[in-house]
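The structure appears below as C-alpha coordinates.
The values are calculated or read from the model by the stated rules, or taken from the named source; none is laboratory data. Note that the structure is a prediction, hence the values are computed from the model and not measured. Here Cβ is always computed from backbone atoms with ideal geometry, including for glycine, and neighbour counts include all displayed protein chains. The protein model used for the area step is the full one, side chains on, heavy atoms only, and it has no ligands, DNA or RNA in it. Shrake-Rupley method; radii C 1.70, N 1.55, O 1.52, S 1.80 Å.
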Amino acid sequence: MKRINDDLITREALYMIEHKATVRQTGSYFNRSKSAVHRDMRKVLPNIDRSLATEVSKLLKFNIAESAHRGGVATRER
(Lines give C-alpha, C1' and ligand atoms only; values in the text may rest on other atoms or scores of the structure.)
Protein backbone atom coordinates (compact mmCIF):
# COMPACT_ATOMS: atom_id res chain seq x y z
CA MET A 1 0.00 0.00 0.00
CA LYS A 2 1.38 3.37 -1.02
CA ARG A 3 1.58 6.09 1.61
CA ILE A 4 1.25 9.81 0.87
CA ASN A 5 4.86 10.38 1.89
CA ASP A 6 6.10 7.85 -0.67
CA ASP A 7 5.54 10.34 -3.49
CA LEU A 8 7.50 13.03 -1.64
CA ILE A 9 10.37 10.65 -0.93
CA THR A 10 10.48 9.53 -4.55
CA ARG A 11 10.51 13.17 -5.72
CA GLU A 12 13.35 13.92 -3.29
CA ALA A 13 15.37 11.00 -4.63
CA LEU A 14 14.78 11.99 -8.25
CA TYR A 15 15.75 15.58 -7.46
CA MET A 16 18.98 14.42 -5.80
CA ILE A 17 19.94 12.28 -8.78
CA GLU A 18 18.91 14.78 -11.44
CA HIS A 19 20.73 17.72 -9.83
CA LYS A 20 23.51 15.71 -8.15
CA ALA A 21 22.34 17.49 -5.01
CA THR A 22 23.48 16.98 -1.46
CA VAL A 23 21.13 16.07 1.37
CA ARG A 24 21.31 19.67 2.59
CA GLN A 25 20.46 21.10 -0.86
CA THR A 26 17.57 18.64 -1.24
CA GLY A 27 16.23 19.49 2.22
CA SER A 28 16.38 23.18 1.41
CA TYR A 29 14.57 22.70 -1.90
CA PHE A 30 11.76 20.63 -0.30
CA ASN A 31 11.72 22.69 2.91
CA ARG A 32 12.68 19.72 5.09
CA SER A 33 15.53 19.10 7.49
CA LYS A 34 18.62 17.34 6.23
CA SER A 35 18.16 14.62 8.85
CA ALA A 36 14.63 13.93 7.58
CA VAL A 37 15.86 13.71 3.98
CA HIS A 38 18.77 11.48 5.01
CA ARG A 39 16.46 9.16 6.97
CA ASP A 40 14.08 8.98 4.00
CA MET A 41 16.89 8.12 1.59
CA ARG A 42 18.53 5.51 3.82
CA LYS A 43 15.59 3.81 5.54
CA VAL A 44 12.35 4.47 3.65
CA LEU A 45 13.37 4.68 -0.02
CA PRO A 46 14.69 1.08 -0.21
CA ASN A 47 11.19 -0.10 0.72
CA ILE A 48 9.64 2.03 -2.02
CA ASP A 49 12.07 1.60 -4.94
CA ARG A 50 15.23 -0.45 -4.47
CA SER A 51 16.89 0.57 -7.75
CA LEU A 52 16.33 4.26 -7.05
CA ALA A 53 17.71 3.74 -3.53
CA THR A 54 20.86 2.19 -5.03
CA GLU A 55 21.42 5.25 -7.23
CA VAL A 56 20.88 7.62 -4.30
CA SER A 57 23.23 5.56 -2.14
CA LYS A 58 25.99 5.94 -4.73
CA LEU A 59 25.42 9.69 -4.80
CA LEU A 60 25.47 9.92 -0.99
CA LYS A 61 28.78 8.01 -0.88
CA PHE A 62 30.24 10.32 -3.52
CA ASN A 63 29.09 13.42 -1.61
CA ILE A 64 30.65 12.13 1.63
CA ALA A 65 33.95 11.39 -0.13
CA GLU A 66 33.92 14.81 -1.80
CA SER A 67 33.23 16.49 1.54
CA ALA A 68 36.17 14.69 3.15
CA HIS A 69 38.39 15.72 0.24
CA ARG A 70 37.39 19.39 0.54
CA GLY A 71 38.04 19.26 4.28
CA GLY A 72 41.52 17.88 3.68
CA VAL A 73 42.31 20.56 1.14
CA ALA A 74 41.10 23.31 3.50
CA THR A 75 43.26 21.92 6.30
CA ARG A 76 46.33 21.84 4.05
CA GLU A 77 45.74 25.43 2.98
CA ARG A 78 45.67 26.62 6.57
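Can you report the number of residues in region 17-61 which are closer than 18 Å to Asp7 by Cβ and among the hydroxyl-bearing types (Ser, Thr, Tyr)?
Here the count works out to 3.
Restricting attention to region 37-56, and to residues there that are open to solvent by 50 Å² or more (accessible area, probe 1.4 Å) and in contact (Cβ under 8 Å) with a residue 24 or more places away in the chain, which single residue is farthest from Ile17 (Cα to Cα)?
Ile48
Kindly indicate which of Lys34, Lys61, Lys20 is touching a Gly at 6+ places or on another chain (Cβ under 8 Å) and surrounded by 10 or more Cβ atoms within 10 Å (Cβ to Cβ).
Unique residue meeting the criteria: Lys34.
In this structure, is Lys34 modelled with pLDDT under 95, over 11 Å from the mean Cα position of the chain (by Cα) and among the charged types (D, E, K, R)?
Answer is no for this residue.
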